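Notes to accompany the following structure.
Taken together, the values in this text are just the output of simple stated rules run on the coordinates, not laboratory data. In this text the structure is predicted, and so the values were computed from the model without any measurement. Note that each Cβ is placed from the backbone with ideal geometry, even for glycine, and that neighbours are counted across all protein chains shown.
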Amino acid sequence: AAARGGGASSCTVEAWLLMGRMARRAGDIDGEEQALLSALAAAEDGALRAAVRLSLAKLYEHRRRDLQSALEHAAETALAEGDEAADRRIARLRRRLARLS
C-alpha cells in the first residue's frame, strides 16, 4: 500500500527501495530495476533522489553491465555518497567505457 503512494513521498520511496532489496535478494534483476525506477519517480527530496540514483548506478554497473546508464545515474549521486566518492565512481565508469570504445 505504501508503494502505491498517497502518503509522504519518503514513505513511498522507502517502500519501493525495500521491494528492490527483496527482488535483488531473490535474484530478480528486472524486479529490482523496476522498483528502483519507481522509487526515483516518487522521490521529491534531492538527497533521497541521490540515494536512489546511487542504487541505480550500482545496479547498472555491477548487475546489468550497462556502463552508460550507470554513468548517467552516477552523475547525480554526490549528495548520497559525497563528492569524492562520486568523482571516483564517475572516473572509473568513464575509464571502463573508454576501454570498450
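Structure values in brief
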item: Nearest-ten-degree value, helix 83-100 long axis tilted from longest Cα axis of the chain; result: 60 degrees
item: In range of the label at residue 88: residues from the range 60-81 whose backbone nitrogen is under 13 Å from the point 7 Å along Cα→Cβ; result: 81
item: Cα centroid separation, the range 75-101 to the range 10-47 (Å); result: 21 Å
item: Relative contact order of the chain, defined on C-alpha pairs under 8 angstrom at six or more residues apart (%); result: 19 percent
item: For the range 15-100, convex hull volume per residue from C-alpha positions, Å³; result: 78 Å³
item: Cβ-placed point charges (K, R +1; D, E -1), dipole of the chain about Cα centre in debye, nearest 20; result: 520 debye
item: Nitroxide proxy distance, nm - points 7 Å out along Cα→Cβ at residue 65 and residue 47; result: 3.7 nm
